1. Which of the residues spanning region B:180-221 are out of contact with any strand residue (DSSP E or B) (no Cβ under 8 Å at 6 or more places or on another chain) and more than 10 Å from every other protein chain (Cβ to nearest Cβ)?
2. Taking region A:395-425 as the search range and keeping residues that are among the polar types (S, T, N, Q) and more than 23 Å from A:Gly156 (Cβ to Cβ), which one is surrounded by the most Cβ atoms within 10 Å (Cβ to Cβ)?
3. If B:Gly29 meets every condition in (1) open to solvent by 40 Å² or more (accessible area, probe 1.4 Å); (2) under 24 Å from B:Gly210 (Cβ atoms) apart from one, which number is that one?
4. If we scan region B:190-197, do we find a residue that is open to solvent by 10 Å² or more (accessible area, probe 1.4 Å), outside the structural domain of B:Met257 (by TED's automatic domain parsing), among the basic types (Lys, Arg) and under 24 Å from A:Ile428 (Cα atoms)?
5. Can you tell me how many residues in region B:161-215 are assigned to a helix (DSSP H, G or I) and either modelled with pLDDT under 95 or of a type outside the set (A, V, I, L, M) (or both)?
6. Looking only at residues in region A:426-458 that are more than 7 Å from every other protein chain (Cβ to nearest Cβ), in a loop (DSSP other than H, G, I, E, B) and closer than 22 Å to A:Gly79 by Cα, which one is most open to solvent (accessible area, probe 1.4 Å)?
7. Look at A:Ala235 and say whether it is farther than 30 Å from A:Leu82 by Cα, in contact (Cβ under 8 Å) with a residue 40 or more places away in the chain and more than 9 Å from chain B (Cβ to nearest Cβ).
8. Does region A:92-103 contain any residue that is touching a Leu at 6+ places or on another chain (Cβ under 8 Å) and small (Gly, Ala, Ser)?
There are 2 protein chains.
Amino acid sequence: MQPRDGGDGAAVVGALRSALGDAVSVDTGVLDAARADKSGHRSQSAPLAVVFAASIADVQATLRIATAHRVPVVTRGAGTGLAGGSIAGAGEIVLSTIRMNRVLEIAPADELAVVEPGVINADLNVALEGHGLWFAPDPASKAISTIGGNIATGAGGLLCAKYGVTREAVLGLKVVRSDGALLELGHRSVKGVTGLDLTALMIGSEGTLGVIVEATVKLLPVPSGTAWTIGSWFADVRTAAAASAAITAARARPAVMELLDARAVELIGAYLGLPAQGGRAYLLVQTDGSASESEAALAASIITELGGDASLTDDPDAGERLLSIRRAFHPAMEAYALVQAATGTGSVLIEDVAVPRSRLAEMFDAISGIESRHDLVIPTVAHAGDGNLHPNFLFSGDVVPDRVWSAAGELFEAALALGGTLTGEHGIGLLKKRWLGDELGSDQLALQRQIKDVFDPLNILNPGKVFP
Amino acid sequence: MQPRDGGDGAAVVGALRSALGDAVSVDTGVLDAARADKSGHRSQSAPLAVVFAASIADVQATLRIATAHRVPVVTRGAGTGLAGGSIAGAGEIVLSTIRMNRVLEIAPADELAVVEPGVINADLNVALEGHGLWFAPDPASKAISTIGGNIATGAGGLLCAKYGVTREAVLGLKVVRSDGALLELGHRSVKGVTGLDLTALMIGSEGTLGVIVEATVKLLPVPSGTAWTIGSWFADVRTAAAASAAITAARARPAVMELLDARAVELIGAYLGLPAQGGRAYLLVQTDGSASESEAALAASIITELGGDASLTDDPDAGERLLSIRRAFHPAMEAYALVQAATGTGSVLIEDVAVPRSRLAEMFDAISGIESRHDLVIPTVAHAGDGNLHPNFLFSGDVVPDRVWSAAGELFEAALALGGTLTGEHGIGLLKKRWLGDELGSDQLALQRQIKDVFDPLNILNPGKVFP
């Protein structure tokens with residue numbers, strides 16, 4: 001890695017302006033917005049400039065200037081990340097792909113679409129209406145996050161147990177390298193094994209290997225039949241977790257299976273003005289496709305056998321009411337944090353561990369232990385079908401306090417001990433890099449750094465992110 | 001890359017014997033077998049030795065010796081590859097994983113299995129009986145090929161359009177590096193995005209990056225319901241290809257959709273003693289799962305509308321008879337090649353291009369043109385659901401003649417021009433490396449070589465394969 005210049009920001013901005021004109025912003029508000037994402041974290045100072053690229057050529061021009069000046073580039077979509085991967089600070093260029101928002105092609109016969117990186121996830125599904133096809137990756141942020149960002153973080157969502165993770169939905173990518181060269185990776189065919197799979201390597205690489213400027217994504221047929229929804233209450237989260245595992249073990253494959261622990265239920269109830277549930281946990285199941293009704297009946301019978309109190313419906317409005325409890329999770333957490341903060345702001349650190357499905361109950365136990373030991377409130381929602389938990393650490397103030405990080409460290413340790421991972425779908429970014437080696441081990445970490453060096457010999461692509 | 005020693009084979013074999021004893025074979029027959037795979041290609045001379053590793057430690061010991069002596073290592077499973085990736089020659093150590101054939105764990109609740117690389121694909125599915133789960137990657141070689149080999153080549157099969165490619169079925173890998181160090185990649189959870197996805201990078205890397213010594217694979221629920229099978233005849237292959245595309249476009253998702261062109265039908269008919277079909281093509285469709293019956297009815301109606309003559313059944317024996325025509329493809333090609341060879345052997349070069357599904361008919365046209373121009377017989381079977389074609393070049397003798405390679409070169413060019421790929425599921429190996437740059441481009445090829453160097457700085461892992 002070469003030393004960075006970064007000394008002459010004015011020269012860098014000048015070079016960007018000469019090449020890119022009005023696409024370059026140094027507006028204070030614009031620069032300030034790029035200091036944060038949805039994690040709640042902020043960088044200490046503003047970046048040099050934000051380039052709003054409108055084309056691949058704009059991205060290439062930006063990277064050539066960055067290479068010439070040895071200046072770091074932080075690629076940014078909608079800035080909805082939860083791990084700080086797109087946060088920029090002093091001496092850095094922000095490369096925004098938000099204006100590269102065209103759906104370039106929908107090929108129904110080949111069940112694929114070609115999109116620019118700034119296309120909002122949900123907008124692609126709007127564009128697909130009438131084709132009987134949809135794009136399955138479904139992060140909770142889908143209404144506001146970009147497909148480029150989804151791919152860069154390996155975003156997941158609620159539907160992964162049935163419909164797969166983002167890695168399974170990407171056939172090919174165009175990527176601009178750190179020196180401005182354009183790479184075309186992958187293929188338009190369903191199959192293809194020519195050479196090393198660099199498409200897969202790019203997915204989840206969080207802006208450290210190159211800039212995704214175009215994606216060829218796989219589409220799926222829209223599920224047939226009527227969706228069925230089950231809302232169910234359990235005396236404790238362990239039994240609810242056991243029920244979700246039993247539903248999977250019975251080989252049902254719900255589209256959605258979401259679990260809220262008692263603490264989450266309590267805060268959501270307060271937020272929505274619902275009757276108190278007395279420590280009960282909530283399991284939401286939704287089935288779709290041609291086996292929807294029989295799978296829902298099977299899931300309901302398993303829930304009932306395990307002592308759960310289930311409501312089952314195929315009425316869309318009633319289903320929506322059962323879903324609304326889950327949907328209220330994030331607003332309820334934010335409202336509670338705000339009220340609890342005696343002064344200043346109430347904040348939420350949204351964590352993202354994943355464990356093998358069979359270890360879900362144990363992970364809830366571990367979270368409960370961490371809550372007690374650290375005197376914290378950690379309401380948790382889990383994508384129970386795939387073992388991905390989002391413990392929400394509530395605290396006061398703008399900056400995550402050390403005691404919260406210390407508790408989060410125990411959370412990561414517990415997930416790894418159960419055969420799990422630090423991050424199921426949010427990425428490492430800035431906020432988890434100090435734990436990266438705990439999961440990868442030092443040999444693999446060294447190897448990953450070497451691969452990073454191959455792609456980015458000057459270390460100008462999102463430096464200081466992912467790798468500690 | 002360092003120069004290879006290779007000068008003192010006796011010292012290498014001595015070192016292997018000291019470390020590994022009887023696991024090391026220099027038996028002439030054993031060495032000779034490692035000179036070939038199922039591609040029909042043979043190396044010019046025998047390798048130094050075959051190590052039959054029984055453990056990860058054996059693999060590590062072999063790699064340490066190979067590193068110390070700068071001797072190439074060719075990893076080999078069952079030797080069923082079709083691109084020469086596991087063929088070994090002078091001065092090389094063959095590292096066989098065929099004795100590492102234990103299913104280490106079946107975790108039904110987590111829907112995964114942990115296997116050694118030498119487990120035969122079909123044997124895993126036997127081991128899974130009773131769990132309601134199966135391992136979906138389904139290469140035609142599944143009865144004889146290993147899971148390690150399937151992963152190393154990114155093997156596909158008949159079921160990929162519905163059940164995914166091998167890349168989607170692998171959660172984690174243990175890999176021994178060129179210096180003998182053991183890496184643990186990936187995770188046991190459904191989701192996981194910690195660091196770069198080196199698991200995906202290993203899939204399809206054909207022994208050039210490391211030796212796969214353990215795999216954690218994803219299992220799927222066994223489809224419910226009765227399978228339906230449709231055998232259908234079309235006046236020409238273009239219409240049959242259009243029918244397969246229309247079935248996909250109607251959003252049906254058959255498990256199997258196989259297309260035989262007229263030349264293939266003719267040779268199979270001669271082999272099985274069936275009535276002549278007068279130039280007709282055969283489309284075989286099989287549906288499964290809860291929508292099996294309705295999907296089969298939909299497919300049959302599309303076939304009929306397009307002028308096809310369809311037989312539809314849910315009787316297993318009748319379905320098997322419809323399938324048997326497809327199953328006879330490879331034996332029929334071999335029998336024909338043998339008869340045609342005036343003297344010596346008749347041989348078959350099985351090619352493996354893939355195109356976007358919508359371009360299937362055009363690819364058949366291209367094959368027909370190549371047949372005429374080069375005066376060759378190229379019967380073709382296609383996995384029509386995913387656009388993967390296997391044109392079979394029939395010729396006399398042991399070695400693929402230049403005129404056949406020249407025709408194959410035109411085939412690759414045509415596939416690339418249609419937005420396709422050189423290889424859908426067999427890999428590049430030895431036989432296609434001269435075309436690798438045509439698909440990847442020189443920049444990506446250089447990048448891929450740099451990544452290879454990171455994993456294998458001495459260039460001892462399957463050197464001369466994949467990379468030209």
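The values are calculated or read from the model by the stated rules, or taken from the named source; none is laboratory data. Keep in mind that what you see is a predicted model, and the values were worked out from it rather than measured. Every residue, glycine among them, receives a Cβ derived from its backbone with ideal geometry; neighbour counts consider all protein chains shown. Each accessible area value is taken on the protein alone, full model and side chains, heavy atoms only, with ligands, DNA and RNA left out. Shrake-Rupley method; radii C 1.70, N 1.55, O 1.52, S 1.80 Å.
1. B:Gly180
2. In the first step, residues of region A:395-425 are kept if they are among the polar types (S, T, N, Q); the result is A:396, A:406, A:421, A:423.
Applying the additional criterion that residues be more than 23 Å from A:Gly156 (Cβ to Cβ) yields A:396, A:406.
Working: A:Ser396: 15, A:Ser406: 12.
Out of the qualifying residues, it is A:Ser396.
3. (2)
4. No, region B:190-197 contains no residue that is open to solvent by 10 Å² or more (accessible area, probe 1.4 Å), outside the structural domain of B:Met257 (by TED's automatic domain parsing), among the basic types (Lys, Arg) and under 24 Å from A:Ile428 (Cα atoms).
5. Residues of region B:161-215 that are assigned to a helix (DSSP H, G or I), as a first pass: B:161-163, B:166-169, B:198-202.
This time we only want the ones that are either modelled with pLDDT under 95 or of a type outside the set (A, V, I, L, M) (or both), so: B:161-163, B:166-168, B:199.
Residues that pass the stated criteria total 7.
6. Across region A:426-458, the extreme among qualifying residues is A:Leu430.
7. Yes; evaluated as a whole, the condition is true for this residue.
8. Among the residues of region A:92-103, not one is touching a Leu at 6+ places or on another chain (Cβ under 8 Å) and small (Gly, Ala, Ser), which makes the answer no.
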